[in-house]
Amino acid sequence: MGVLTKRIAVLPGDGIGPEVCAEALKVLEAVSERFGHFFELNIQLMGACAIDATGDPLPETTLEACYAADAILLGAIGDPKYDNDPSAKVRPEQGLLRLRKSLGLFANIRPVTAYDVLLEHSPLKADRISGVDMLIYRELTGGIYFGEKGRTADGAYDNCYYSRAEIERVAHLAFESAVTRRNKLTLVDKANVLETSRLWREVVQQIAPQYPGVAVDYLFVDNAAMQMILNPKQFDVILTENMFGDIISDEASVIAGSLGLLPSASVGETSALFEPIHGSYPQAKGLGIANPIATILSVAMMLEHFGMQEEAALVKEAVDYTLDKNVLTPELNKTNPFTTEQVGSFIAHYVQEGGEGFRHLKTEEHSLSTII
Ligand code: IPM
Ligand code: MN
């Protein structure tokens, strides 16, 4: 692939967001040096930090930067001062929801992989999770999250609505991805109770013949929640609506052994946003203990989105090597923990040297503390 220039809006956000973003940008810089691409960064406020600065979790300048970008990298948003106040009028999360809706990011894609070296870190039994490799497609701009909501004299309601078109577009993405994987797609719904779920089934059944190689099965969400723990290896591609996807993907994240490992992509017709699935972890802010790998793997997904397959593969290889060498933050390496910054530098250094070049370096030459 030739040299490319890409514009990236960076929204570091709140809590540990800026720290993990800094490491991901270090890795991006290493990709740029190694492959010659140009990444133009536009760093903007979103979330609680934006509320503090402007009163708005998604200021107009941030939204404009996102519209103008080829992709968006997000750290994390959220602050405890809003979480326990049901009467708060503005919340950091509103910024994220508005961003998803404004940019039309209708599909949220979350890969869940059980890394062999981390099997004992998961609370689930190793033989149950070894080899797990699933991809969750969560619809992201419809359903109960965006339906009409409100209060009545003595109650409240949240409407759940889906159009056929909303289901079709995300379903096609999920089927297309299943074709490149193990040809299995599971629709998770609640079709025994919900009309919207019955529409999801109908639409998926209508689309399925276009992908004759893909075996489709259907699970009610309560059963899916159980199967996720009992036998997660059965899943290849999961397709589901917004709220079920929110819940089931957090549950699936337990398999990987750390929330700090899982990346995500949110894509639409024209925009794409990449973010770790973990939150802003405010208790860890500034302590250097946050795991940057989820954000670094989100950068790998971004590179794939740009068509930079070799670049993405090198970043993932660097992460695998880092896991093998146990150059990891304290939640995964209690005895000899590395800092957020050291993990980021190690991975960036690997990328910059290219795999083999780095492996041949002596340990003391591995960059573990300084920006390369
Ligand atoms: C996620 C988060 C968001 C969601 C919140 C922060 C609004 O939990 O990305 O999964 O519910 O979609
Ligand atoms: Mn969530």
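Among the candidates Ala71, Ala65, the residue that is closer than 22 Å to Ala265 by Cα, away from ligand 2 (no atom under 16 Å from the Cβ) and free of Cβ contacts under 8 Å to residues at least 60 places away in the same chain is uniquely Ala65. Among the residues of the stretch 41-58, those identified as in contact with a Ser or Thr (Cβ under 9 Å, 6 or more places away or on another chain) and either touching a residue at least 40 places away in the same chain (Cβ under 8 Å) or aliphatic (A, V, I, L, M) (or both) are Leu45, Met46, Gly47, Ala48, Ala50, Leu58. Within the stretch 274-296, the set of residues being in a helix (DSSP H, G or I), more than 14 Å from ligand 1 (Cβ to nearest atom) and farther than 16 Å from Val10 by Cβ comprises Gln283, Ala284, Ile293.
Of all residues in the stretch 297-313 being open to solvent by 20 Å² or more (accessible area, probe 1.4 Å) and closer than 16 Å to Val351 by Cα, which is farthest from ligand 1 (Cβ to nearest atom)? The extreme case among them is Glu310. Within the stretch 282-296, the set of residues being surrounded by fewer than 22 Cβ atoms within 10 Å (Cβ to Cβ) and of a type outside the set (S, T, N, Q) comprises Pro282, Ala284, Lys285, Gly286, Leu287, Gly288, Ile289. Checking every residue in the stretch 91-98 against the condition of being open to solvent by 30 Å² or more (accessible area, probe 1.4 Å) and away from ligand 1 (no atom under 14 Å from the Cβ) gives zero matches.
Any chance the stretch 183-192 includes a residue that's among the hydroxyl-bearing types (Ser, Thr, Tyr), open to solvent by less than 20 Å² (accessible area, probe 1.4 Å) and away from ligand 2 (no atom under 16 Å from the Cβ)? Within the stretch 183-192, one or more residues are among the hydroxyl-bearing types (Ser, Thr, Tyr), open to solvent by less than 20 Å² (accessible area, probe 1.4 Å) and away from ligand 2 (no atom under 16 Å from the Cβ).
Only residues that are of a type in the set (A, V, I, L, M) and open to solvent by less than 20 Å² (accessible area, probe 1.4 Å) were counted across the stretch 110-134, and they come to 6.
Each row is one residue, and each column tells you yes or no for (1) in contact (Cβ under 8 Å) with a residue 40 or more places away in the chain; (2) among the acidic types (Asp, Glu); (3) in contact with a Phe, Trp or Tyr (Cβ under 8 Å, 6 or more places away or on another chain).
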site	(1), (2), (3)
Thr152	no, no, no
Glu166	yes, yes, yes
Ala174	yes, no, yes
Leu185	yes, no, yes
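Within the stretch 70-87, if we keep just the residues that are within 14 Å of ligand 1 (Cβ to nearest atom) and either farther than 24 Å from Asn42 by Cβ or in contact with a strand residue (DSSP E or B) (Cβ under 7 Å, 6 or more places away or on another chain) (or both), the residue that is modelled with the lowest pLDDT turns out to be Asp83. Candidates are the residues of the stretch 96-121 that are under 19 Å from the mean Cα position of the chain (by Cα) and under 16 Å from Glu251 (Cα atoms); the one that is farthest from ligand 2 (Cβ to nearest atom) is Ala114. Taken over the stretch 128-178, the criterion of being under 25 Å from Ser253 (Cβ atoms) and of a type in the set (Val, Ile, Thr) is satisfied by Ile129, Val132, Ile136, Thr141, Ile144, Ile167, Val170. Count of the stretch 222-254 residues, restricted to those that are open to solvent by less than 10 Å² (accessible area, probe 1.4 Å) and aromatic (Phe, Trp, Tyr), is 1. Among the residues making up the stretch 149-206, those that are within 21 Å of Ile247 (Cα to Cα), more than 26 Å from the chain's Cα centre (by Cα) and of a type in the set (D, E, K, R) are Lys149, Glu195, Arg198. Pairing residues of the stretch 308-325 that are at negative phi with residues that are buried (at least 17 other Cβ atoms within 10 Å of the Cβ) and at pLDDT below 95, at Cβ distances under 7 Å and at least 6 apart in sequence or on separate chains, gives Leu323/Tyr115; Leu323/Leu118. Taking first residues from the stretch 20-40 that are in contact (Cβ under 8 Å) with a residue 12 or more places away in the chain and partners that are of a type in the set (Phe, Trp, Tyr), the Cβ contacts under 6 Å between residues at least 6 apart in sequence or on separate chains come to Leu28/Phe39. Would a scan of the stretch 194-217 turn up a residue that is open to solvent by less than 60 Å² (accessible area, probe 1.4 Å) and within 16 Å of ligand 2 (Cβ to nearest atom)? The answer is no, given that none of the residues of the stretch 194-217 is open to solvent by less than 60 Å² (accessible area, probe 1.4 Å) and within 16 Å of ligand 2 (Cβ to nearest atom). The set of residues in the stretch 255-269 that are out of contact with any Gly (no Cβ under 7 Å at 6 or more places or on another chain), more than 13 Å from ligand 2 (Cβ to nearest atom) and not in a helix (DSSP H, G or I) comprises Gly257, Ser258, Pro263, Ala265, Val267. Exactly one residue among Lys316, Lys334, Lys325, Lys285 is among the basic types (Lys, Arg), under 26 Å from Pro92 (Cα atoms) and assigned by TED's automatic domain parsing to the domain that holds Cys49, and that residue is Lys285.
The values are calculated or read from the model by the stated rules, or taken from the named source; none is laboratory data. Here the structure is a predicted model, which means the values were calculated and not measured. Neighbour counts run over all protein chains shown; Cβ positions are idealised from the backbone, glycine included. Only protein heavy atoms, including side chains, enter the accessible area calculation; ligands, DNA and RNA are left aside. Shrake-Rupley method; radii C 1.70, N 1.55, O 1.52, S 1.80 Å.
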